[in-house]
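Everything below concerns the one structure shown next.
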Amino acid sequence: MNPLLDQLQPYPFQKFSKILSQIEPSTKHAQIRLSIGEPQHKTPEIILEALQNHSKKVAQYPTTQGSIELRSAIKAWVENRFGIDNINADTEILPVNGTREALFALGQVVLSHSEPQSVVVMPNPFYQIYEGAALLAGATPQFLNLGTDTSDGWQLNELDANTWQRTKLLYVCNPGNPTGHVMSLKEWEDLFAFSDKYGFVIASDECYSEIYFDESSPPLGAITAAKLLGRDLERLIVFSSLSKRSNVPGMRSGFVCGDADILQKFLLYRTYHGSAMNPTIQSASIVAWKDEEHVKTNRILYKNKFDSFIDTLTPHCTIRYPSAGFYVWLKTPIDDVEFAKRLYSEYGVVVLPGSLLARDAHGINPGKNHVRIALVADQKDCDEAAQRIVNLLHGGFG
């Protein structure tokens, strides 16, 4: 067996489920689960119809590169969303089976087992696939703390020059999970400068980019930042997905866009890895990428939930509106695991302790004394959960 597998940790949900299995849940309240970022809004009819209409497209092997129709639809979306006009659909776009598998796979392409001192830098708290990708490629994860009380942004100087010189890959989550932080142009400029200096690849995970709350101000993404800074896509790979944008996590449909030389190698890897997208999913994905009305409707649903949830909690605790995404990053008055356990045992609400989403780094665990609340349930359940959290806060923690 691969000895590197022994370095992997259980997912945060598994860790917390084990903790909750030892606790009696509240019998006075119906359970409300806000721990997993799985979209619960209704899948748009136009996508369901496309899946049905093309359901018999299974009598041929799909190509790993995907159809030109799908890549063209993605190209049009990328150019419109990020304000550019020169993306090459043949060399700079590749469909993927959701961003999760692609984020992992890119690490296997960029990293080399012949360089055992290689480093992969990632945000902390973080999406655990980043760490797994680094470990299984034989690299060492290094963490940059985000989401602390003093700063949301990247603190690049937390790592020394020797670590940066060994860095081959850096994962960005923008908008951030769990904090909802959106990187500024200055943050992108600093990050690009480090990439230029040390030669590492930037993998920008932007799967939450289409969930925001001001229609006039979509989150700044890596591709737009590169354009504004007069850069091309060298050493940059951007990941996007329909899962959150279009409420179709089960379709496993997304894409990567960026450096053509890297994507050429990535395509080769994926050809051997057997990562071609189902033709029916490709057809439905084309429909989804071409339509923005259902995405706007989706944003309204999230905004209404956030407005109500945050209005309810604001008088009772420290809470803030995220810049984007569908998570509330709530500071807790006691240890985050204990807070989450009591919320479950006394009020039947399941949230995720922030310390389980992070690692101890640079003297702290930046997730400590926070919980991540995914506002994915319907309006009624989110409103009820907010009131139960208020009741817990007022009950005291003596």
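For the stretch 112-137, enumerate the residues that are among the charged types (D, E, K, R) and more than 16 Å from residue 356 (Cα to Cα).
Residue satisfying the conditions is 115 alone.
Output the residues belonging to the stretch 309-338 that are in contact with a His (Cβ under 9 Å, 6 or more places away or on another chain) and either closer than 16 Å to residue 370 by Cα or assigned to a helix (DSSP H, G or I) (or both).
Correct list: 316, 322, 329, 330, 331, 332, 336.
Looking at residue 385, is it at pLDDT 95 or above, over 27 Å from residue 145 (Cβ atoms), assigned by TED's automatic domain parsing to the domain that holds residue 13 and in contact with a Leu (Cβ under 9 Å, 6 or more places away or on another chain)?
So residue 385 passes the test.
Is there any pair with a first residue in the stretch 324-335 that is in contact (Cβ under 8 Å) with a residue 40 or more places away in the chain and not assigned by TED's automatic domain parsing to the domain that holds residue 312 and a second that is crowded, with 23+ Cβ neighbours inside 10 Å and part of a loop (DSSP other than H, G, I, E, B) whose Cβ atoms are under 7 Å apart and which are 6 or more apart or on different chains, and what are they?
none
Give me a count of the residues in the stretch 202-246 that are closer than 17 Å to residue 106 by Cα, in contact with an Asp or Glu (Cβ under 9 Å, 6 or more places away or on another chain) and among the charged types (D, E, K, R).
Matching residues across the stretch 202-246 total 2.
Going by the structure shown, is residue 74 under 24 Å from the mean Cα position of the chain (by Cα), part of a helix (DSSP H, G or I) and under 30 Å from residue 309 (Cα atoms)?
no
Name the single residue that is nearest to residue 251 (Cα to Cα) among those in the stretch 308-330 being surrounded by fewer than 15 Cβ atoms within 10 Å (Cβ to Cβ) and under 22 Å from the mean Cα position of the chain (by Cα).
If we take residues in the stretch 308-330 being surrounded by fewer than 15 Cβ atoms within 10 Å (Cβ to Cβ) and under 22 Å from the mean Cα position of the chain (by Cα), then 321 is nearest to residue 251 (Cα to Cα).
Would it be correct to say that residue 217 is of a type outside the set (A, V, I, L, M, F, W, C) and within 21 Å of the chain's Cα centre (by Cα)?
yes
So which of 97, 88, 80 ends up being closer than 30 Å to residue 143 by Cβ and modelled with pLDDT of 95 or more?
97
Among the residues of the stretch 192-211, which ones are of a type in the set (Ser, Thr, Tyr) and either at pLDDT below 95 or in a helix (DSSP H, G or I) (or both)?
195, 198, listed by residue number.
From the list 352, 375, 343, which one is under 23 Å from residue 25 (Cα atoms), buried (at least 24 other Cβ atoms within 10 Å of the Cβ) and touching a Ser or Thr at 6+ places or on another chain (Cβ under 6 Å)?
Residue meeting the stated conditions: 352.
Restricting to the stretch 171-191, what's the tally of residues that are free of Cβ contacts under 8 Å to residues at least 60 places away in the same chain and part of a loop (DSSP other than H, G, I, E, B)?
3
Take residue 162 and tell me if it is modelled with pLDDT under 95 and over 18 Å from the mean Cα position of the chain (by Cα).
Criteria not met by residue 162.
In this structure, does residue 268 turn out to be modelled with pLDDT of 95 or more, assigned by TED's automatic domain parsing to the domain that holds residue 105 and not β-branched (Val, Ile, Thr)?
So residue 268 passes the test.
Quick test of your reading of the structure: residue 397 fulfils all but one of (1) in a loop (DSSP other than H, G, I, E, B); (2) at pLDDT 95 or above; (3) among the hydrophobic types (A, V, I, L, M, F, W, C). Name the failing condition by number.
(2)
Of the conditions (1) assigned to a helix (DSSP H, G or I); (2) within 21 Å of residue 172 (Cα to Cα); (3) in contact (Cβ under 8 Å) with a residue 40 or more places away in the chain, residue 122 satisfies every one except a single condition; which number is it?
Exception for residue 122: condition (1).
Scanning for something surrounded by 13 or more Cβ atoms within 10 Å (Cβ to Cβ) and at pLDDT 95 or above, does the stretch 49-59 turn up at least one residue?
yes
So which residues in the stretch 212-254 are without any contact (Cβ under 8 Å) to a residue 12 or more places away in the chain and in a loop (DSSP other than H, G, I, E, B)?
214, 216, 217, 230, 232 - these are the residues of the stretch 212-254 that are without any contact (Cβ under 8 Å) to a residue 12 or more places away in the chain and in a loop (DSSP other than H, G, I, E, B).
Can you find even one residue in the stretch 169-190 that is of a type in the set (Asp, Glu) and either in contact with a strand residue (DSSP E or B) (Cβ under 8 Å, 6 or more places away or on another chain) or on the phi > 0 side of the Ramachandran plot (or both)?
no
Of (1) assigned to a helix (DSSP H, G or I); (2) in the same structural domain as residue 234 (by TED's automatic domain parsing), residue 306 satisfies all except one. Which?
Residue 306 satisfies every listed condition except (2).
The values are calculated or read from the model by the stated rules, or taken from the named source; none is laboratory data. Keep in mind it's a predicted model, so treat the numbers as computed, not measured. We place every Cβ from the backbone using ideal geometry, glycine too, and count neighbours over all the protein chains shown.
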